Amino acid sequence: VCSSDLGGSQMSGGTITALGTYTKVGRVVTYLIDIGISSIGSGSGSLQIRNLPFTSTSGGTNAYPCPACESEQLVSGVSGFMPLIPPGTTYFDVYYNWNGTSGPAAMGFSNLKSGSGFRLTGVYFTS
């Protein structure tokens, strides 16, 4: 079992629960992370889900998308929810409007509300 935290450039207050499980076989990490936000508090900057159990493969410019993501009760106008793991890191950057005509945008605290949550399941590679 791993634990994660939800952060950005600034965050204060709020109650966030982030728990996950993972299995690592060789260089492949399979994960499931549930994040529940009881109260959002205040914050600025883009969302990151931090403290993944292993560092993603470094090098290159591609990030590992979350192939199976679910979200509930995010603020209206947020669609195409997509976390990406940058190479050589232990966190997700979170984007929305992935399928929108204006292209993806970094998700911020203003895109969440109390009582919201999401689940991430997927695979990434380690060095």
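Checking each residue in region 18-30 for being surrounded by 14 or more Cβ atoms within 10 Å (Cβ to Cβ) and at pLDDT 85 or above picks out Y22, V29. Take the conditions (1) under 17 Å from F92 (Cβ atoms); (2) of a type outside the set (F, W, Y); (3) at pLDDT 65 or above; T15 misses just one of them, which is (1). Of the residues making up region 32-39, not a single one is of a type in the set (G, A, S), at pLDDT 75 or above, open to solvent by 40 Å² or more (accessible area, probe 1.4 Å) and not in a strand (DSSP E or B).
The values are calculated or read from the model by the stated rules, or taken from the named source; none is laboratory data. Being a predicted model, the structure only gives us computed values, none of them experimental. Reconstructed Cβ throughout: ideal geometry from the backbone, glycine too, with neighbour counts over all protein chains shown. We work out accessible area using only protein heavy atoms, side chains counted, and drop any ligands, DNA or RNA first. Shrake-Rupley method; radii C 1.70, N 1.55, O 1.52, S 1.80 Å.
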